[in-house]
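The values are calculated or read from the model by the stated rules, or taken from the named source; none is laboratory data. Note that the structure is predicted; figures quoted are calculated from it, not measured. Cβ atoms come from the backbone with ideal geometry, glycine included; neighbour counts cover every protein chain shown.
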Amino acid sequence: MEEDTIDDVVEVLDSGRYVKGPVGERFEDRFAAQTGVEHAVGVSSGTAALLLALRAAGVGPGDQVLVPGHSFFATVSPVLSLDADPVFVDIDPETYTMDPADLAEKASAATSPAAVIPVHIYGAMADMDAIGRVAEEHDLFVLEDACQAHFAERDGETAGSAGDAGAFSFYPSKNMTVAGDGGMVTTDDAELAREMRRLRNHGRDDDGVHRSLGLNYRLDETSAAVGLAQLGRVERWNRNRHSAAERYTEALETVPEVTAPTEPEDAFHVYHLYVIQAPDRDELQDHLEAQGIDTGIHYGTALHEHPAVTDRIDPVSLPRTEALVDRILSLPMYPEIAERDVEYVTNTICEFYR
Ligand SMILES: Cc1ncc(COP(=O)(O)O)c(C=O)c1O
């Protein structure tokens, strides 16, 4: 960790103020300003961010929440834990984000649609203009799952500023972190922000009265100090990720078997993950591992096929999502990845298909 960040953390430790303090407030103000929204509310994780935003919006038992089939489980677990019903939407085959046309169909067929959670998967923003039009027609609360997409852009909007609220994670592998768990919710809605601030702190109002049932979802001051320092660096890190992605994509043009990720026009993909589609994915992964290259699969099971979900809902079929999960492979991606490492990975992939 950078020396100046360590100094900031030590300053918090020396202050004796570990929660509900001024560093958290500065982190929130700066995160809101950088995202281009009025309010940011620091919380204990990305999962808490999603849960509290849904609760503050009034989503509860029997409400239907539209979610994409392809994401990390935490996109749907807050929905299930509120006893709301997920309605799964297939993905756009180019960006792997929620398909607005399928969303329109599913929202029209839904009996009590209340919210939609577009996920900016891998760092690519979903088509928020098209999703926003469907949401308006069906009066849906739009909660962006921006947990993988800090400062991604599309059509002139920044992730977390294009819906009614945006949820971010600072889990250590994310594009920016707090050296532990943490999260943030962004919104322009002052009342929503106020309710989330209550909910993260036992539902307590400024006068000490508990008018909502909240728990403890607070973000520590030491975490906020790390987050604040990283806010000054994350946009440079994102540019480095983007340049590494361009190098990968250019080199993979010579391997017709592999599908590289794409970036819509007028978008800035922040490449939380660089994910290719590959036939014989498992064999390719073994081959790369044998050459000392660590890869990952994000995610090998579609959201609607996890037992924790199938226990609760009738079976659904999402053909594009189901086809994708058997073919995806995440290549090494981090801001400092060296050109020669990208070259070694792509040469090893070429070798496998030759
Ligand atoms: C898409 C997505 N949603 C939600 C989460 C949950 O965030 P956290 O792990 O901070 O609870 C994550 C990260 O893990 C994620 O990648």
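Structural remarks
- Flag if residue 221 is crowded, with 16+ Cβ neighbours inside 10 Å and modelled with pLDDT of 95 or more: yes
- The residue that is nearest to residue 92 (Cα to Cα), counting only those in region 122-131 that are in contact with a helix residue (DSSP H, G or I) (Cβ under 9 Å, 6 or more places away or on another chain) and within 14 Å of the ligand (Cβ to nearest atom), is 126.
- Residue match in region 207-217 (condition: under 28 Å from residue 117 (Cβ atoms), modelled with pLDDT of 95 or more and among the β-branched types (Val, Ile, Thr)): no
- Any hit, region 191-211, residues being small (Gly, Ala, Ser), more than 15 Å from the ligand (Cβ to nearest atom), surrounded by 15 or more Cβ atoms within 10 Å (Cβ to Cβ) and more than 12 Å from residue 41 (Cβ to Cβ): yes
- Unique match (being in a helix (DSSP H, G or I) and either small (Gly, Ala, Ser) or not assigned by TED's automatic domain parsing to the domain that holds residue 85 (or both)) among 126, 104: 104
- Matching residues in region 262-307 - criterion: being within 15 Å of the ligand (Cβ to nearest atom) and assigned to a helix (DSSP H, G or I): 303
- Among the residues making up region 60-84, those that are out of contact with any Pro (no Cβ under 9 Å at 6 or more places or on another chain), touching a residue at least 60 places away in the same chain (Cβ under 8 Å) and of a type outside the set (Ser, Thr, Tyr) are 69, 70, 72, 73, 74.
- Only one entry in 27, 72, 31 is within 16 Å of the ligand (Cβ to nearest atom), over 16 Å from residue 185 (Cα atoms), out of contact with any Cys (no Cβ under 7 Å at 6 or more places or on another chain) and assigned by TED's automatic domain parsing to the domain that holds residue 226, namely 72.
- Looking across region 132-180, the residues that are of a type outside the set (Asp, Glu), within 16 Å of the ligand (Cβ to nearest atom) and not in a loop (DSSP other than H, G, I, E, B) come down to 142, 143, 165, 166, 167, 168, 169.
- The set of residues in region 249-261 being outside any loop (DSSP other than H, G, I, E, B) and over 25 Å from the mean Cα position of the chain (by Cα) consists of 250, 251, 252.
- Test: residue in region 287-304 that is modelled with pLDDT of 95 or more, charged (D, E, K, R) and surrounded by 13 or more Cβ atoms within 10 Å (Cβ to Cβ): no
- One residue stands out in region 311-347 among those that are of a type in the set (A, V, I, L, M), in a helix (DSSP H, G or I) and touching a residue at least 12 places away in the same chain (Cβ under 8 Å): the one that is farthest from residue 293 (Cα to Cα), namely 324.
- Checking each residue of region 111-119 against the condition of being among the small types (Gly, Ala, Ser) and under 19 Å from the mean Cα position of the chain (by Cα) gives at least one match.
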